[in-house]
Structures are given as C-alpha cells and as structure tokens.
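Report on one structure; see the data block that follows.
Values quoted throughout were computed directly from the atomic coordinates according to the rules given, and no laboratory measurement underlies them. Quantities reported herein were computed from a predicted structural model and do not represent experimental measurements. Cβ atoms come from the backbone with ideal geometry, glycine included; neighbour counts cover every protein chain shown.
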Protein chains: 2
Amino acid sequence: MARIVALQTHDVRFPTSRTLDGSDAMNPDPDYSAAYLRVLTDAGDGFEGHGFVFTIGRGNDVQVAALRALEGHLVGRDLDATLGDLGDVWRELVHDSQLRWLGPEKGIMHMAIGAAVTALWDLRAKREGKPLWQLLSSLSPEEIVNLVDFRYLTDALTRDEALTILRDARAGRAEREARLLSEGYPAYTTTPGWLGYDDEKLARLCREAVADGFSQIKLKVGADLDDDIRRLRLAREVCGPDIRIAVDANQRWDVADAIRWVRALQGFDLAWVEEPTSPDDVLAHAAIAEAVAPIPVATGEHAANRVLFKQFLQAKALSVLQLDATRVAGINENIAILLLAAKFGVRVCPHAGGVGLCEAVQHLAMFDYVAVSGSLENRMIEYVDHLHEHFVTPVDVHNGRYYAPKAPGAGTQMHETSIVEYTHA
Amino acid sequence: MARIVALQTHDVRFPTSRTLDGSDAMNPDPDYSAAYLRVLTDAGDGFEGHGFVFTIGRGNDVQVAALRALEGHLVGRDLDATLGDLGDVWRELVHDSQLRWLGPEKGIMHMAIGAAVTALWDLRAKREGKPLWQLLSSLSPEEIVNLVDFRYLTDALTRDEALTILRDARAGRAEREARLLSEGYPAYTTTPGWLGYDDEKLARLCREAVADGFSQIKLKVGADLDDDIRRLRLAREVCGPDIRIAVDANQRWDVADAIRWVRALQGFDLAWVEEPTSPDDVLAHAAIAEAVAPIPVATGEHAANRVLFKQFLQAKALSVLQLDATRVAGINENIAILLLAAKFGVRVCPHAGGVGLCEAVQHLAMFDYVAVSGSLENRMIEYVDHLHEHFVTPVDVHNGRYYAPKAPGAGTQMHETSIVEYTHA
C-alpha cells in the first residue's frame, strides 16, 4: 500500500521589487514569493504533488512554517484512500480543532491548508494522467458536491441546489470542452498598469496589449487622483474606444473616498472598479456598488474564505467575483465559491499574476466553464507576464486567450532549478 | 539613547486536554497555549515588555514564527520614540506592505502584531509605574485618538466623532476610577459550563459559582440538543431564577439550525446566545439576531479585526460585543473597537479565559469604563479559573468581580519558571 512519506517545503522569493513589477497603491515594493510544498510518496511512480501559497516577500518563512504544521495530518496516510476522498481530507484539515483557532478559516493557516489540498489534487491529476480542469470536469455532480463543505453556506446554497446546478450543466459538457480546447478561455492583462511604471512604459505596454489581442486591460489606481486621470486618458488614447479598461484600487479607500474617486473617473468608461476598500467589508462594498452603479464592483483576491464570498453575493456587494488560487483553502473551497457564484448568477473573473497564479487558476475557470456555469459571457482570467518561465507547464496565452493546458497536473510545479536558485537565504 | 535590542519568543503549551477544561462544541480537546514574546532593551532599568497570542495547541509554533518575523521592525528602535508614539508603530506594523499580504489584517500575522503592540504597552506601563488601564485612562482624548487607525472606519466612526465620545467621558473620570478601585468590575463565569464535564461536576460548579458571588454563568451548547436541555434545566435548578445563564455554541450552527436550537432553549431565560455561527458571517448573525429577539446575540472573540466589528454593529448583528485581548492587533485596535461600541451604544463584555486573557483584557474593560463608555450597565468580563498561577500579576476576582490591578504593566507577564516548565519540546 502506497503512502505519503514526506512533505518538503521551500521558501522561494523572486526579487521583483527591483523593477517595480507588481507595484500598486497598497503594495509599493513586492518581492513575489512562494511558500512551496512538495508531497512525496513511496508509490514508486515518479509522481509528486506540488502546491504553494503566493506571498509578496517578508513573512514567506512564516507561511512555510504553516505548511510544515500539516505534516502530522498528511505524512503516513494511505495514498489511494487520501486521493480518493479529498473532500474528507479538506474537512479534516480545515476543521482540525487546534489549527482552526489560528484563523479560523483565514490567513496563514488557511492558505497553508489550501497549498496542501492543491498539492494533493496535483498529485491525483498526474496519477490519472489529466490536467486538473479536465479531471474535475469528468467528475459526476455527486462526486463534486462531496468535495464541498456546506457548513455556513446553507442559508445561500444547499447541497441539493448545488447538485441541481451541476446536473443542469451536464448537457453540453462535451461541446464546451471541445470549444475550450480549440478556442481557449478569454484573458485580460494587467501588465501595462502597475503604478511604478512611467507614462512612456504605460503607453508602450498598452500598445503591446492591444497588438497581442487582449480586449481588456487593467490599471492600478488610488494613490493620486490627478495621476490616475492622466494615466487613464493616456491608456484610453492608446487603446482606443473598443478596449475595456478596468481599474484596481487595491483596498486604498474608505467608502466616501471610493465613491468620489470612482465618479471622477467614470468618464473613462470603466470596465470595473476593483478592491475599492477593505476586502473584509461586505457592507462598504455594497454601499459603493450602489453609489457607482452601473460601474461593476470587483473583488475577491483577498477574500479569506467561502463565508465572505457568500455574504458579498447576498449583499450584492460585487458583480465580478475574483477568486484566487492560493488565498482560500485550495481547490475544494474554490469549487464551493464557483457554485455560489453560479447560484447567484454572478460572473467569475479570477485573480492571477503573482507567482504561478495564472498557471493554477486557469484550471478552476475552465472547470467552471465546462461543468458549473457553462458560460464564458463577460468572463476573463487575469494575465500578467511575470515569472511563467519558472513553471514546468507554463500557461499558453496568445491572441488574448488562455489555451487549455493538456499536461497532467494542477499547473503548480516549479522547475527544480528555479526552486534552488531563488530559495531565500 | 536606549534601544530595543532583542525579541525573545517561547512556545508555551499547557496540557489542558487531559482534563477537558476548555472543551466545547468546536474545540473538543484544546491544549491552552501561548506564543509568547519578550521585548528586551538596553535601558538598564530592568523592565521588559511581555505579550502573547493565546492559541489552543497545534500551530503555536507557527504563531511563534510570526512573532519572530517582526524582529526587523522592532529591534534597533529608539525606545522613547517608540513608546511615545505607539499609534505610529501600530500603523507601521499593520500596514507593512509585504506582511499585510498574509492577512490582510487577520489570522496569524495580525495576532502576532497584536502581541508585539501589547508587549510595547506593557513595557511603557511598567516604565511609567502604572497598570495599563490607568495609563490609558490618563491619556487625553487627542492622545487616545492618535492611537487609532481610522482607515476603513470612517463610514461608521470618524476621528472627530471619537474625540467627542472621549471628551464627553472626561466628566466623571475620577469618580469612576475611585469606584472601580473600591468596588471592582463585574464578572461572569464559564467555569461550570464546559461540554466535557458530567452533570455532577456541572451542578457542583454551578453551586460554587453562586456561592462565589457570580450573578451570571455560561454554558457551552451546540453538540446535542437533548443534552443541552438537560444541562440547562440542571443549571437553572441549581442556580435559581435570579442568576443569568448565557449559552455559547462556539460557531457550531448554520442560520436555520441556530434559530431552531435557540428557540428550543428559550424557556430557560437565556442571558445571551454566543457565537451561533461563523464569526465572519455578519449577515447570518443579523438574521439570527432578528429571529431570536429579544434574546441577545453575542460574538467577537474570533472577529479578526475592527472592520468586522464595524459591520456587526452597522448590521445590528450583535448586541453584546466580546472583544478579545489577543485576536486583533493589540491594545490600539481594541481601543478602536471600544470607540465603535460606544458610538453604537452597544455593551462590551470581553471574552476571557484561555491563557492570560483575563489578566490582559481586564485593562481594556476598565479603561472603557473610566474613559470611553463610562458605563457598567449589563457589562461583565468573562472569568474562568484556569492557569492564573502562571502570571506574575494574576487577576484578583472575588465576590463575582474583577478588582482593579494596581501593579504596573499590562498583566501579560508570565513567571519565568512557568515559561521554562511548559516550553513545548
């Protein structure tokens, strides 16, 4: 009987602050990093499970310590039984009565559980010879709902309602999968818009984004209103009227500031305003959304768990749901969030960028299209052209679209050489 | 010029799971623990600053790693400048752009910042020769609001509104301080009510609580309704009709369960129902509060930050606010929460128990009475008779009241011998 025999962890940090890639109103100098986990087995099949938490530098060591705290739960487990019931594994990890106190269900401990869960999915997908999106899409509605913990969700989404959503989506699965394989999934790009870039670089990158086939770009805003107006005007001039332009304030504002600022920018035909204020503040987002309508409010990359997303949907506090691959407790919790979004009829446009977030999150969006929402309408995955070269199966983005990965796994495996070269001393 | 020269950290764990002290519906086997921090200086005055995060066992090592991640911010600082502007220190730590990503403002990293901030307050209070509650109460309204970060609060509480609350409370400060010193602050006890205790122990501890002068007790509920009814009936019989009995579900229920369960218990004249569901779920608490009225809903010990408390108050989702000494980012954030509660006219009944939470949180409640709300009406600090012997200045609770500490400091210093004996191997 094969078992999980060891966890290996790595504190991997890329010195991105040197070039101000990734700079925004709240994060002026990120060093894009990964608290990285490998799950090793004695199956002798050569497969390892890889997962990680994206961080932006300091504290990545604490995130690694949280990964190590999961050893007692994982090492020694029967491999087939574990991979065969990842819903049960999720519940065991998230509801560990002592670890739970450290959140509960939020922050470093919750994200560590997410990396472990994703590493197990990576391992399962490799062993089954499928990319994760295809593995998930091949599961029955019953198998999918068994992955989800409905605790705290039933006032908005019951297991039976989730089953109905998934059963309704069975029709057309094969056609959508074929369409995905031939046409890909739409992307938008944040590459031009970092606050640390000067106007010349902004204009050049906007031109390149249009030339590369993107139909939406995103600019960071929120540090200085006059600067934002100048940069939006420049971007709109360069891109023309047919490219959608979203703005992202990275939690910079209070409610009144947000409303005033967004109204000052509304002449630029904003595709959405992202993270206007604290990611915990459901009621503030609802107030802002009502005041700036019809401009959509987007958030989610810092939403700690499915309970937050549930409330954002109940309160009509967002109309673009931006799930993130490593913020919540992994694949299972993101499936819960996709089901919530489908129940409320809200579009999902995943957050990506960082380290490996594009590689990881595309699987969730593609699974959603094939097996949950069945829709591509106004949906896009964020794209940033950073650090893909460090991954064994980097994303294939061209013509403004993510092309579906065909390699087995969850997309989360970094090159051994990159891990070694960028391990933090 | 004196400086902070080192942080020392300790992973302290007490084996409380052996006796089921502290057992409830979500935490069946806690090992009460402290991720413990000492701030050392070269002032040569013999004073150290002590702070900690309470946890319940596994993962305490990760919490300690988070304390160590603050070394770069604290070691080398000018001592007088640091202690003289703890509002600025709070902002620097909480808004560190890289560490912030790990929450933001929640979970392990946020609690670590709380321990550091509290350790600095402990050091300042020792150097000024005052217990913390008295030090805080001696500050001017302007000094107090400078400790508070109003970011994300201004839709509910502005700096000017906070100033008005504090200025209005100036009248009567001296009388209230004198009354506190002579009469103490009301307490209630959770000692009888842990789920792991049998009926005989429950009855005996209820009798003792009444004999000890407590006018309110609290029972853990939520695992089995028939058991809860039997235990409540027993407690009511033993205590008589004049003792208030609160119940605590420790996040066990979804909305519909909570409403059904509380209605089944309402014949027992409940003082409040505590933590009916996820501590993140403002909207669920609001729905439950409306459905079970007039039974008050209490929560807060797991509320991650002031933004959560703000929303609970805005949504009328709680009517008993249970702040916790080590869940949020220390003294400063708890001052913000006290000001929010005063603005909304909601009573504060702090969570305590655990390791050192009684010792720490009494300072906040007493400061609130003297300088913020000015009220004792229906207010009580939780009391549990665990582990006080490990603290240098243990609480003085008798006749059902907390008597005001007179020793300098924040109450957060553990005996050296306890730290050594219970350091986790």
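Miscellaneous remarks
- Globularity index of the protein assembly as shown is 0.93 (Cα radius of gyration / 2.2 N^0.38 Å, N = number of residues).
- Equivalent-ellipsoid semi-axes for chain A (Cα gyration tensor, √(5λ), whole Å, largest first): 33, 24, 21.
- Label geometry 7 Å along the beta-carbon vector: A:GLU416 inter-copy distances in nm: 5.0
- Compared with the rule-of-thumb size 2.2 N^0.38 Å for a compact globular protein, region B:378-425 has a Cα radius of gyration ratio of 1.34.
- Assigned charges on the beta-carbon of Lys, Arg, Asp, Glu; region B:80-183 dipole about Cα centre (debye): 240 debye
- Counting all C-alpha pairs of region A:128-185, share separated by more than 13 Å (%): 67 percent
- Positive-end residue of B:TYR36, B:VAL75, B:ALA156, charge dipole of the protein assembly as shown with Cβ unit charges: B:ALA156
- Counts of other chain beta carbons within 10 angstrom of each beta carbon in peptide B:106-117 average 4.
- In terms of Cα atoms, the Rg and Dmax of region A:4-130 work out to 15.7, 48 Å.
- Chain A's nearest residue to the axis relating it to B, judged by Cβ and reported with the distance in whole Å, is A:GLY107, 1.
- Between identical copies, the spacing of B:GLY84 label points, each set 7 Å from Cα toward the C-beta atom, reads 6.9 nm from nearest to farthest.
- Other residues whose C-beta falls under 15 angstrom from the C-beta of A:ARG58 contribute a net charge of -4, scoring Lys and Arg +1 and Asp and Glu -1.
- Within region B:75-138, the ratio Rg/Rh, alpha carbon atoms throughout and Rh by Kirkwood, equals 1.02.
- GNM flexibility winner over chain A from A:ASN399, A:ASN378, A:ASN332 (Cα, springs under 10 Å): A:ASN378
- GNM top mover of A:GLN98, A:GLN311, A:GLN413 - chain A, alpha-carbon springs below 10 Å: A:GLN98
- Gaussian network model of chain A, springs between alpha carbon atoms under 10 Å - residue of A:SER182, A:SER140, A:SER375 with greatest fluctuation: A:SER182
- Per-residue Cβ neighbour counts within 10 Å put B:MET366, A:MET111 in the sequence B:MET366, A:MET111, beginning with the fewest.
- Rel. contact order, % - alpha carbon contacts under 8 angstrom, at least six apart, chain B: 20 percent
- Average beta-carbon neighbours from other chains, 10 Å sphere, peptide A:278-288: 6
- Note on the protein assembly as shown: dipole from Cβ charges, positive end direction compared against A:HIS386, A:SER182, B:LEU318; the farthest Cα belongs to B:LEU318.
- Placing a label point 7 Å from Cα along the Cα-to-Cβ direction at A:LYS201 gives distances to the equivalent points in the other copies of 6.3 nm, listed shortest first.
- Antiparallel DSSP beta bridges within the protein assembly as shown, percent to nearest 5: 55 percent
- Cross-link table A:LYS343/B:LYS343; A:LYS106/A:LYS126; A:LYS201/A:LYS310; A:LYS126/B:LYS106; A:LYS126/A:LYS218; A:LYS106/B:LYS406, entries beyond 31 Å C-alpha to C-alpha: A:LYS343/B:LYS343; A:LYS201/A:LYS310; A:LYS126/B:LYS106; A:LYS126/A:LYS218; A:LYS106/B:LYS406
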